[in-house]
1. Could you list, bin by bin from short to long, the percent of Cα-Cα pairs of the stretch 57-213 in 10 Å steps?
2. How large is the Rg to Rh ratio of the stretch 39-93 when both quantities use alpha carbon positions and Rh follows Kirkwood?
3. What is the set of long-range amide H partners of Leu251 at a cut-off below 5 Å, with H atoms built 1.01 Å from backbone N?
4. Over the stretch 56-163, what is the relative contact order in percent, taking alpha-carbon pairs closer than 8 angstrom and at least six residues apart?
5. Taking the Cα centre of the chain as the origin, how large is its charge dipole in debye, to the nearest 20, when only Lys and Arg (+1) and Asp and Glu (-1) carry charge on their Cβ atoms?
6. Over all directions, the average projected area of the alpha-carbon convex hull for the chain comes to how many nm²?
7. Toward the positive end of the charge dipole of the chain, about the Cα centre and with charges on Cβ (Lys, Arg +1; Asp, Glu -1), which of Val75, Leu321, His450 goes farthest?
8. What's the long-distance tail for the stretch 292-331, i.e. % of Cα pairs beyond 14 Å?
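The values are calculated or read from the model by the stated rules, or taken from the named source; none is laboratory data. Only a predicted model underlies this, so the values are computations on that prediction, with no experimental measurement involved. Neighbour counts are summed over all protein chains in view; Cβ atoms, including those assigned to glycine, are modelled from backbone coordinates with ideal geometry. Note: areas computed on protein heavy atoms with side chains; ligands, DNA, RNA excluded. Shrake-Rupley method; radii C 1.70, N 1.55, O 1.52, S 1.80 Å.
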Amino acid sequence: MHARINKRLAAAGAALFAMLLETILAAPAMSAPLFESWRNLAVGNYPNAVACADVNEDGVPDLLVSEGGPQNVSVWIGSPGGTFAPAAKWSIGTVLDKITAADLDGDGHQDAVVLEVETGRVSVALGRGDGTFHVPIAYPAAITAVDVAAGDLNSDGHIDLVVADYSSDSLVALLGRGDGTFSTPIRSACAPSLEGVALADFDEDGRLDVVATAQGRYRLIVAVGVGNGSFAPRSELAPPGTPMWVKAADLNADGHQDVVEIDFEGYLTVFLGRGDGTFENGLINDTAYDPYSLAIADLDGNGVLDVAVAIRSSDEVCVFLGNGDGTFRPRLDLATGSRPTCVIAADVSGDHHTDLVVTNAWANRIDFLRNTSASVVAVTASEEFASLSPTLGPNPSSTDVRLRFRLARSSFTEVRVRDVSGRSVRHLDRGWLSAGEHQLVWNGADDAGHRVRAGLYFVEVASRIAHETCRVTMLR
């Protein structure tokens, strides 16, 4: 009897061992840490924010830094290998916060946009393409300017700006004239105590919409773009805590823009877009108390967007690697310097890996967290304003129109034609496209194969991180 029991135990043990072995073999292999603390850069007093762009056009990323203490904007020229040298610097004379880079005047050079928090102005310095900038011009926009987003709000081919005004509870649009100057502000009532703002075409009507965090209402406000720089609030999203900052991206690769938001209490929430301006219920993830900035990029090179969040209270960056459906794997916590206030994703080490760049306000420095994974698609400039550089011709046209554009990296991309009312006329492409140059031909017909009427049409190219529009006049 004891022999039979021992045989059964041995068989059970063997079966259990086999199951454990199968589980171990099926489990993914442990990899090296995704990021390592690489080096840091001492900058001016209290760096609030940083942007990455190639301002001297040598093919190497440079940095634009807004300094809250001395109230300066400083330019740091990058070299191959990830070192930076100080270049231009200019004083604004008031507390500075968010900063970004975009080509505002269409000359091919990166320009600088920085928020003056206390004065409510937007300071714009046009780049010369050699790392230097023209004297900045300040545009009154808000009472308390807290966040800014850039995009073409009225489909005229020029970059416009949207500012969140904390004190007046409104969104303020500055329409670009195409020469780096801006028109009189257009104000749209929104909700109390606006903080963060992001632009995307959530209802896919060809016009950019806005999502803003309203701390006074503990909600995210989704407002649809009218097409002239004004917005009409449509719906509200309920995060678990006090909403702080927000971005828009296509996290589940379904072609619809989603909303990613961080709360003061330490929650990262994803609202998956349906493509009609409405959203699924939020998917909630735990970060840490007092998050202050987030960046979205493909950090591990698997074609899925990931999220990095700067945490002021614990001096760290939390990385959430995406599963491709709006959910994330367990977070990775990376130590930084004191009081991180901004995190962006860019290849600053020059190894074609997407690194993280973090401003540490109390340490008066920028930390570089180098990406050490084996296979990564690098982000070489600010992912928020990656240019598609679309061109088309002939224009006007009575025959085929040829569209050319460039993707900095592979992305889900949609190309379609709209009429002046915003109605979709023709889908030219929708799906994953590789990095590089692309060319499409529109034969002047709609989706039913009928020739469109003579008039003005808009050809829009939208990747997961950029959206640009060209105008074409069709003749009989």
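1. For the stretch 57-213, the binned pair fractions read 11, 39, 35, 14, 1 percent.
2. Rg divided by Rh gives 0.96.
3. For Leu251, the qualifying residues are Asp258.
4. Once normalised by length, the contact order is 19 percent.
5. 780
6. The number I arrive at for the chain is 26.5 nm².
7. His450
8. Taking all Cα-Cα pairs of the stretch 292-331, the fraction more than 14 Å apart is 43 percent.
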